[in-house]
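I have placed the structure first, in the form of structure tokens, so that the comments after it can refer back to it.
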Amino acid sequence: MELTFKVSARIARPVAEVFEAIADPAQLSRYFTTGGAQGRLETGATVSWDFADFPGAFPVEVIEVQPGRRIVLRWEANEGVPEGDAPVVDAGYFTIVTIELEPLDGDTRTLVTISEGGWHETETGLAASYGNCMGWSQMLAALKAWVEHGINLREGMYR
């Protein structure tokens, strides 16, 4: 059995607007990737994400994009949190992130569901999955604040 989690939120905007806020690196950099994002989320692309709390840009493989419906990403599992100047500990395997969008109420709202799975069933794998679950939950809250109100909740949070 592999470790997997799922989080979701309802965003009071149409699917196309929510999808664009996730797929567009300029928007993603404004509310989620605190160190910036490079590259649009398109099937077959490898983009770069950087976070202030995990310094150093890293690759994110875009496995599948169905505009307005689904984004599937693959990235290397990290089973360690850096302390001071210590590097992130790459675990030597990958996890899969699936972002699904569903229109609600005549496409005036969007249900965004994010799942991630593939961690090894170890103490460090479990801890890493909890950390990413927290991160994706924060991403959903930040996405909601960004697309509904133009507010960056993560500004100053990690620096």
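The values are calculated or read from the model by the stated rules, or taken from the named source; none is laboratory data. The structure displayed is predicted, hence computed values, not measured ones. A quick note on method: Cβ atoms are made from the backbone with ideal geometry, for glycine too, and the neighbour counts reach across all protein chains shown.
Scanning region 105-156 for residues that are within 17 Å of Ala23 (Cα to Cα), over 14 Å from the mean Cα position of the chain (by Cα) and in a strand (DSSP E or B) gives Thr110, Leu111. Pairs linking a residue in region 1-23 that is farther than 24 Å from Arg74 by Cβ to a residue that is of a type outside the set (A, V, I, L, M, F, W, C) and assigned to a helix (DSSP H, G or I), with Cβ atoms under 6 Å and 6 or more positions apart or on different chains, are Ile11/Lys144; Ala12/Glu148. Of the residues making up region 13-36, those that are in contact with a helix residue (DSSP H, G or I) (Cβ under 6 Å, 6 or more places away or on another chain) and modelled with pLDDT under 95 are Tyr31, Phe32, Gly36. Restricted to region 4-43, and to residues there that are among the charged types (D, E, K, R) and not in a helix (DSSP H, G or I), the residue that is surrounded by the most Cβ atoms within 10 Å (Cβ to Cβ) is Arg13. Quickly run through region 101-124 and pick out the residues that are out of contact with any Ser or Thr (no Cβ under 8 Å at 6 or more places or on another chain) and surrounded by 15 or more Cβ atoms within 10 Å (Cβ to Cβ). Arg109, Thr110, His120, Thr124 - these are the residues of region 101-124 that are out of contact with any Ser or Thr (no Cβ under 8 Å at 6 or more places or on another chain) and surrounded by 15 or more Cβ atoms within 10 Å (Cβ to Cβ).
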